[in-house]
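Participant: First the structure, which I've put down as structure tokens, then a few questions once you've had a look.
The values are calculated or read from the model by the stated rules, or taken from the named source; none is laboratory data. Given the structure is predicted, the values throughout are model-derived calculations rather than measurements. Neighbour counts are summed over all protein chains in view; Cβ atoms, including those assigned to glycine, are modelled from backbone coordinates with ideal geometry. Calculation scope for accessible area: heavy atoms of the full protein, side chains included, ligands and nucleic acids excluded. Shrake-Rupley method; radii C 1.70, N 1.55, O 1.52, S 1.80 Å.
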Amino acid sequence: MQLLDGKAISSQIKSEIKAEVEQWMAAGGKKPHLAAILVGQDGASETYVASKIRSCEEIGFTSTLLRFDANTTEATLLEAVESLNNDPDVDGFIVQLPLPAHISENKVMEAVNPAKDVDGFHPVNVGRMCKGLPAYISATPFGILEMLIRAGIETSGKHCVVIGRSQIVGLPMSILMQRNAYPGNCTVTITHSKTQNLKEICQSADILIVALGRPEFVTAEYVKEGAVVVDVGITRVADATKKSGFSIRGDVNFNDVAPKSSYITPVPGGVGLMTICGLLTNTLKAAKREIYS
Ligand code: NAD
């Protein structure tokens, strides 16, 4: 078993981005600027946004955080999106999800200028990705692809099973893994809460990508000997032994599954760190106008 070590890979990618930013700026390019909108005070969202902002500082980006109360209206949020769309200094921005129930996430996502949509959630970017056109690929799938590349994992002709069909992970992941490209060329099965015989389907996976949000759901009996196992899940579980009062669990029972797998991602220290790299890479592309001129 080999660990797909998100900590090591993400730190390598960050130093590569940092060097690219220095080169870009030395050649007269503008300092990349990522803005984030955070609504409410959800603990997990606070942590994710803080770590995105910290990463921007580490690699030499400008970052801006715009905070709004949980009871902010949809109209106010749409105005904020519009002002970021029109701000020439902001290259890309994200609206941290989830949003409070009274705000339509789809409406907000669609208001973002696709050229600044570094999360890759806008229908234009999703559609372009499906057609194989240059697009911002959403950060988590992007980070997973990068892990497969850096570990030199063969994907062509393999059976890839994705658990979960969310707009931000499962769905784009399944599209990317079947593309005629590397990583890709897999035969993909996408599964979800209504799937029957999930265990049997997973047992035939050469590559198993797990994103359902149920801690330690996948045990050894779901996994074929020698499979590549990618655990996207992040759930906070109450833990009195921790100062924070919780610990982070993935969707895979690591200790059970690791001995059977050829490669496996840990949680924490796996896909989560790679997701931030996806966002930073997209922001640099935005600053360089690589996708949209
Ligand atoms: P989601 O919560 O939007 O949806 C869950 C999906 O899992 C749905 O498609 C549902 O049909 C499926 N599902 C639920 N129960 C199932 C079951 N018993 N069998 C099969 N499928 C089932 O999904 P999401 O937003 O992709 O989040 C999934 C997990 O990934 C969460 O733990 C989330 O915190 C985590 N996440 C991590 C990152 C990261 O950077 N590592 C990024 C995004 C999400």
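Participant: Collect the residues in the stretch 54-74 that are under 18 Å from I103 (Cβ atoms), open to solvent by less than 60 Å² (accessible area, probe 1.4 Å) and either of a type in the set (D, E, K, R) or in a helix (DSSP H, G or I) (or both), keeping them in residue-number order.
Facilitator: Once the filter is applied, which keeps residues that are under 18 Å from I103 (Cβ atoms), open to solvent by less than 60 Å² (accessible area, probe 1.4 Å) and either of a type in the set (D, E, K, R) or in a helix (DSSP H, G or I) (or both), the stretch 54-74 yields only E74.
Participant: Looking only at the stretch 255-280, how many residues end up being away from the ligand (no atom under 14 Å from the Cβ) and open to solvent by 20 Å² or more (accessible area, probe 1.4 Å)?
Facilitator: Number of matching residues: 6.
Participant: So, of the residues in the stretch 173-206 that are within 20 Å of G120 (Cβ to Cβ) and β-branched (V, I, T), which turns out to be nearest to the ligand (Cβ to nearest atom)?
Facilitator: The residue in question is I190.
Participant: Scanning for something among the β-branched types (V, I, T) and without any contact (Cβ under 8 Å) to a residue 60 or more places away in the chain, does the stretch 256-273 turn up at least one residue?
Facilitator: yes
Participant: Report, ordered by the first and then the second residue, all pairs with beta carbons closer than 8 Å, sequence separation of six or more or different chains, a first member in the stretch 129-143 that is touching a residue at least 24 places away in the same chain (Cβ under 8 Å) and more than 10 Å from the ligand (Cβ to nearest atom), and a second member that is in a helix (DSSP H, G or I) and of a type in the set (K, R).
Facilitator: Partner pairs satisfying both residue conditions: P134/R128; A135/R128; Y136/K285.
Participant: Could you check the stretch 207-233 and list, in sequence order, the residues that are within 13 Å of the ligand (Cβ to nearest atom), surrounded by 16 or more Cβ atoms within 10 Å (Cβ to Cβ) and not small (G, A, S)?
Facilitator: If the condition is that a residue be within 13 Å of the ligand (Cβ to nearest atom), surrounded by 16 or more Cβ atoms within 10 Å (Cβ to Cβ) and not small (G, A, S), then L208, I209, V210, L212, P215, E216, F217, V218, Y222, V230, D231, V232 are the ones that fit.
Participant: Kindly list the number of the only condition in (1) within 16 Å of the ligand (Cβ to nearest atom); (2) assigned by TED's automatic domain parsing to the domain that holds D206 that fails for H159.
Facilitator: (1)
Participant: I would also like to ask the following. List the strands (runs of 3 or more DSSP E) inside the stretch 226-293, counting only whole elements, that have at least 1 residues being touching a strand residue (DSSP E or B) at 6+ places or on another chain (Cβ under 6 Å), over 30 Å from I59 (Cα atoms) and in the same structural domain as L145 (by TED's automatic domain parsing).
Facilitator: Ranges flagged: 228-231, 235-238.
Participant: Taking the condition of a type in the set (D, E, K, R) and within 16 Å of the ligand (Cβ to nearest atom), does R289 pass?
Facilitator: For R289, the condition - of a type in the set (D, E, K, R) and within 16 Å of the ligand (Cβ to nearest atom) - is not met.
Participant: Another question about this same structure. Taking the condition of being open to solvent by 10 Å² or more (accessible area, probe 1.4 Å) and in contact with a Leu (Cβ under 9 Å, 6 or more places away or on another chain), how many residues in the stretch 85-102 meet it?
Facilitator: The number of residues fulfilling the criteria is 2.
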